[in-house]
1. Inspect the stretch 44-52 for any residue being closer than 16 Å to ASP102 by Cα, out of contact with any Leu (no Cβ under 6 Å at 6 or more places or on another chain) and not assigned by TED's automatic domain parsing to the domain that holds ARG302 and give the result as yes or no.
2. Scanning the stretch 261-286 for residues that are farther than 28 Å from HIS224 by Cβ and not hydrophobic (A, V, I, L, M, F, W, C), which turns out farthest from the chain's Cα centre (by Cα)?
3. Considering each residue of the stretch 154-178, count those that are of a type outside the set (Gly, Ala, Ser) and without any contact (Cβ under 8 Å) to a residue 60 or more places away in the chain, and give that number.
4. Can you name the condition, by its number, that ALA95 falls short on among (1) in contact with an Asp or Glu (Cβ under 8 Å, 6 or more places away or on another chain); (2) at pLDDT below 90; (3) closer than 23 Å to LYS150 by Cα?
5. Mind counting the residues in the stretch 171-191 that are part of a loop (DSSP other than H, G, I, E, B) and on the phi < 0 side of the Ramachandran plot?
6. Are any of the residues in the stretch 263-273 touching a residue at least 12 places away in the same chain (Cβ under 8 Å) and either within 23 Å of VAL178 (Cβ to Cβ) or of a type in the set (Asp, Glu) (or both)?
Amino acid sequence: MSEAANILLVDDEPGMLRYIRTLLEVDEHKVQTASTGEEAVDRVQKGLQPDMVLLDLLMPGIDGLQTLEKLRQLKPGLKVVMLSCVNDTRKVVQAMRLGAVDYLTKPFQKAELDAVIGLCVGTAKGDTYAGDIEELCDDVFFVAASPAMKKIRSQAALVANVDIPVLLLGESGTGKEVLARLIHKLSPRAHRTFLKVNCAAVPADLLESELFGYEAGAFTGATHAKPGKFELCNKGTILLDEIGEMPPLLQAKLLHVLQDQTFSRLGSRTVVKVDVRILAATNINIPEALANKRLREDLYYRLNAFTLSLPPLRDRKDQQASARRSLLPIERLHPFAASATRSQGRNPDPAEAFHVAHVGIVRADPIATFGSVDGGVSAPFLAGQPARTEQLHQALSSSGGRNARRIRVTAPARWRWRTALRWNRQKR
């Protein structure tokens, strides 16, 4: 059960109003009700201070979206959850753009209501997201230590359940692929395939066959048929990274896939139908790319059903401490590792923090120093393999073995893998 909260409930149906109010009062929430959008706005204008608002989408007079907009103008930080009898994708997207934190489709279960309230005003008992760090897959983490990244995480959780394209914007290295993996993990397609295609890394003349596949004899060297990424990713999610680097002619073909989810392999007249969710990422200047015809305007508007913009790393200083504390257990091996990572306050890039902490332990040299990465630290990291093995055992013991896999992956030396494996076996 979430913490008791002051909740404003807005719905024009008396029966639904009584039902939801009963569900809320069972958990000792303080509930205020309004039967129209105008009444809700008037009560907030007169000083009502709810922790959150449960707002029906379809109401006479001003509807839920108009009410949401007015409430957010009065109280920009107010958390509003939309309620609706129909799952209208366009309405949901519009509500998200206006600042709604979540939506519920009526009728809903009490557990669903509790989870949403917990997200807004406290920690729900069944909430699967806790803390600043969320592991998505092996050694891929989403760090939400700053307010901006927590907002991004909340928006990602909301849009994940709506099967629409999402455009991810941000500078290089800000974590667009990680955000795409988070959306996939939180979506109903989470148990299906996730594939990434870097449009800038594949030559333009090969990108079409990479995405859509080809038949035998389609071109010189095509001795057998090969499915493309879209076929391999059927029922799953595909990330088109660096979408701005895709050739214009191929953008036209992608536009048709977005419209009807059909395409043809190279050298084939047969139409292939797929069910793929498309996420696209880019670091280009969108207005400039549209003006220069580098990016098709019609494709942009298809991809831009919803946009998530990642802030640059220089604006995310809070995430360095969280990343170092939660993702760098290997720093326990020697005090110089901790000293070096803490000195990186000038740049909160977690990738650089990983590099600084691991630069000594992944090298084959018996002695490693931090002199090249830190202006003030220059001392031996570890001297000799026996000492390294002993320190590794200490790190594994202090973590209860939880960090064995991370240490083994980030430090790929053969002795380190064997030592971690032996330690785990001895403890079973």
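1. Checked against the condition, which is being closer than 16 Å to ASP102 by Cα, out of contact with any Leu (no Cβ under 6 Å at 6 or more places or on another chain) and not assigned by TED's automatic domain parsing to the domain that holds ARG302, the stretch 44-52 yields at least one hit.
2. Of everything passing the filter in the stretch 261-286, ASN285 is farthest from the chain's Cα centre (by Cα).
3. The number of residues fulfilling the criteria is 2.
4. All conditions pass for ALA95, except number (1).
5. Within the stretch 171-191, residues that are part of a loop (DSSP other than H, G, I, E, B) and on the phi < 0 side of the Ramachandran plot number 8.
6. No, there is no match, as no residue in the stretch 263-273 is touching a residue at least 12 places away in the same chain (Cβ under 8 Å) and either within 23 Å of VAL178 (Cβ to Cβ) or of a type in the set (Asp, Glu) (or both).
Here is a yes/no grid of residues against (1) more than 33 Å from the chain's Cα centre (by Cα); (2) at pLDDT 90 or above:
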position: MET1; (1), (2): no, no
position: LEU8; (1), (2): no, yes
position: VAL26; (1), (2): yes, no
position: GLN49; (1), (2): no, yes
position: GLY61; (1), (2): yes, no
position: LEU68; (1), (2): no, yes
position: GLN73; (1), (2): no, yes
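Table: residues versus (1) in contact with a helix residue (DSSP H, G or I) (Cβ under 8 Å, 6 or more places away or on another chain); (2) surrounded by fewer than 13 Cβ atoms within 10 Å (Cβ to Cβ).
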site: ALA216; (1), (2): no, yes
site: LEU240; (1), (2): yes, no
site: GLN251; (1), (2): yes, no
site: GLY267; (1), (2): no, no
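The values are calculated or read from the model by the stated rules, or taken from the named source; none is laboratory data. Bear in mind that the values here come from a model prediction, so they are computed numbers and not experimental data. Using ideal geometry, Cβ is built from the backbone for each residue, glycine included, and neighbour counts are taken over all protein chains shown.
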